[in-house]
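Undergrad: A single structure is presented below for examination.
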């Protein structure tokens, strides 16, 4: 159907409201809602935190006006099931005598997936769906991937020189990008459930993997360490908040060291491994079970190569510095680029951000 300019305006506002919950509602979706009556917005709301009231309920709570006959806009289909922490939204919408509901995307969750729309229509409410559907899917790309595939949405972030090198030597830390890119990486971390690096990155860079340049929550810090070789003196081990540090290692790793790390609050996952290499597919399934909907892969070269060679990514973000290293370590094989297309480019100070996705 053809939607009006007013419909487009209000559903875009739903996207803006939904994004306010980013970093706080996972594994739930990002949802915003707007209530309009006689051409006037009488209520707005968004899902603010996991376990809290949903967007539609918050929109009603924000309004002091009569909602009978109003139109409710929502970027995602209202929920209708009870197997969650909060009551379903569909009965609330029906009870408030809303006359029309406009939705961007149906909820792919099998517990919803059209059932919410069906119940609303059976109650005599007009329901229009599909408005700005592609934009709506982009807002909830983490949630959609997680619900459908049961594994997190995966973004690989690579900082490299203009000649495609990530360092001069795999055993030497090499700073490439400027302060604008550093801030951007911290903004990224705040949006993802978890950030992942390999053991060599811990040994060489000794990172904290926290959010510092912007205000936000720290992600879960994941380390792939097949032989449990990282030092107990690493920043990531010694810093507060060890419950947010998870290590994936081989099932036959040093049990004494595992017990020592667990006493510090670190969560250890022991998985089958070939020559101490943790199977990434098994790891991703485990992350899905732990309700990790989004994963930011930050390095290093071996980790990049494993994820990319197995096609385990949804997008690659390259932060390209104007520096030239000449000899050095490449992030991945150049022939991979033939299978990718540029989705977005943006200047970050002197650096260039390039977003790559698979060329379907």
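Undergrad: Of the numbered conditions (1) over 21 Å from the mean Cα position of the chain (by Cα); (2) surrounded by fewer than 17 Cβ atoms within 10 Å (Cβ to Cβ); (3) in contact (Cβ under 8 Å) with a residue 24 or more places away in the chain; (4) assigned to a loop (DSSP other than H, G, I, E, B), residue 64 satisfies every one except a single condition; which is it?
TA: (3)
Undergrad: What do you reckon, is residue 211 under 21 Å from residue 142 (Cβ atoms), touching a strand residue (DSSP E or B) at 6+ places or on another chain (Cβ under 8 Å), modelled with pLDDT of 90 or more and assigned by TED's automatic domain parsing to the domain that holds residue 315?
TA: For residue 211, the condition - under 21 Å from residue 142 (Cβ atoms), touching a strand residue (DSSP E or B) at 6+ places or on another chain (Cβ under 8 Å), modelled with pLDDT of 90 or more and assigned by TED's automatic domain parsing to the domain that holds residue 315 - is not met.
Undergrad: For a quick check of your reading of the model, give me the residue pairs whose first member lies in segment 90-108 and is over 21 Å from residue 12 (Cβ atoms), whose second is surrounded by fewer than 17 Cβ atoms within 10 Å (Cβ to Cβ), with beta-carbon atoms closer than 8 Å and at least 6 apart or on different chains.
TA: Every condition considered, the pairs that remain are 94/123; 96/68; 97/68; 97/69; 99/68; 99/69; 99/126; 108/148.
Undergrad: Here is a further query. So if I check each of 166, 237, which one is part of a strand (DSSP E or B) and modelled with pLDDT under 95? Write out each step before concluding.
TA: On the way: 237 fails: part of a strand (DSSP E or B).
Answer to the selection: 166.
Undergrad: I'd like the full set of residues that are in contact (Cβ under 8 Å) with a residue 40 or more places away in the chain and at positive phi, limited to segment 199-215.
TA: 209 - this is the single residue of segment 199-215 that is in contact (Cβ under 8 Å) with a residue 40 or more places away in the chain and at positive phi.
Undergrad: Given the residues 32, 23, 39, 43, which is the only one that is in contact with a helix residue (DSSP H, G or I) (Cβ under 8 Å, 6 or more places away or on another chain), touching a residue at least 40 places away in the same chain (Cβ under 8 Å) and farther than 23 Å from residue 115 by Cβ?
TA: 23
Undergrad: Shifting gears a bit: Here is a list: 240, 232. Which entry is free of Cβ contacts under 8 Å to residues at least 60 places away in the same chain, assigned by TED's automatic domain parsing to the domain that holds residue 189, surrounded by fewer than 14 Cβ atoms within 10 Å (Cβ to Cβ) and within 25 Å of residue 184 (Cα to Cα)? If you could, list the steps in order and put the result at the bottom.
TA: Numbers: 232 fails: within 25 Å of residue 184 (Cα to Cα).
Going through 240, 232 in turn, just one is free of Cβ contacts under 8 Å to residues at least 60 places away in the same chain, assigned by TED's automatic domain parsing to the domain that holds residue 189, surrounded by fewer than 14 Cβ atoms within 10 Å (Cβ to Cβ) and within 25 Å of residue 184 (Cα to Cα): 240.
Undergrad: Test of understanding: among 218, 227, 205, which residue is in the same structural domain as residue 262 (by TED's automatic domain parsing), over 28 Å from residue 143 (Cβ atoms) and either surrounded by fewer than 18 Cβ atoms within 10 Å (Cβ to Cβ) or touching a helix residue (DSSP H, G or I) at 6+ places or on another chain (Cβ under 7 Å) (or both)?
TA: After applying the criteria, what remains is 227.
Undergrad: For segment 131-163, which positions are at positive phi and either surrounded by fewer than 14 Cβ atoms within 10 Å (Cβ to Cβ) or modelled with pLDDT under 95 (or both)?
TA: The answer is 150, and nothing else.
Undergrad: Taking helices (runs of 4 or more DSSP H) that do not extend beyond segment 253-360, which have at least 2 residues that are closer than 26 Å to residue 176 by Cβ? I'd like the intermediate steps shown before the answer.
TA: Working: elements: 255-263, 280-289, 301-309.
Result: 301-309.
The values are calculated or read from the model by the stated rules, or taken from the named source; none is laboratory data. Bear in mind the structure is a predicted one, so any value in this text is a computation, not a measurement. Using ideal geometry, Cβ is built from the backbone for each residue, glycine included, and neighbour counts are taken over all protein chains shown.
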